[in-house]
Amino acid sequence: MAYTKEVIKKFYNAVIKRDITTARTFLADDLLFLGLFETYRSADEYLAALTMLLQITVRLDVKTIIAEGENAAIFFELETKEPAAATTLVAEWHQVKDGKIIHVQSAFDGRPFAAMFTGK
């Protein structure tokens with residue numbers, strides 16, 4: 001439990017610092033990310049998208065991480081600027097195996113971000 005929580009915590013600490021190289025060390029190569037708009041089937045695909053999101057991120061404030069076994073839920077507040085200006089509560093379910101995040105599923109109010117993915 002504490003181990004899984006630490007992996008998630010260290011990953012998000014690196015993301016907050018925009019240290020993508022360190023963040024990558026906590027992701028399995030074959031990571032599966034399921035989001036509202038897109039699915040990524042590798043750590044590198046996911047990090048490319050995350051890097052783009054960080055370009056409009058003003059603040060990422062982790063509220064809590066709850067872990068049980070290899071599963072963890074994280075809740076964070078994400079403040080973004082144009083073209084998706086909003087403050088959004090994000091919930092993610094993570095699975096960790098052998099010290100690496102292998103699965104992420106994200107849930108949040110996607111309305112501020114829809115135009116970025118649908119061209120509307």
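Summary of computed values
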| read-out | value |
| --- | --- |
| Burial ordering of LYS81, LYS100, fewest other beta-carbon atoms within 10 Å first | LYS81, LYS100 |
| Mean projected area in nm² (Cα convex hull; one quarter of hull surface) for the chain | 6.5 |
| Degrees separating the helix 43-54 axis from the principal Cα axis of the chain, which is the longest one | 50 |
| Cα-based shape type of the range 1-62, given that a ≥ b ≥ c are square roots of the gyration tensor eigenvalues and the cut on a/c is 1.5 | oblate |
| Modelled label reach - THR87, point 7 Å along Cα→Cβ, the range 46-72 residues with backbone N closer than 12 Å | 59-61 |
| Residue exposure sequence - VAL15, VAL58 - by fewest surrounding Cβ within 10 Å | VAL58, VAL15 |
| Non-local Lys pairs in the range 2-118, i.e. 8 or more apart or on different chains, that have alpha carbons under 20 Å apart | 14 |
| Mean separation of Cα contacts under 8 Å, 6 or more apart, over the residue count of the range 2-118: relative contact order % | 26 |
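The numbers here are math on the coordinates, done by the rules we state, and not lab data. Just so it is clear, the model here is predicted, and its values are computed rather than measured. With ideal geometry, Cβ positions are generated from the backbone for all residues, glycine too; neighbour counts draw on all protein chains shown.
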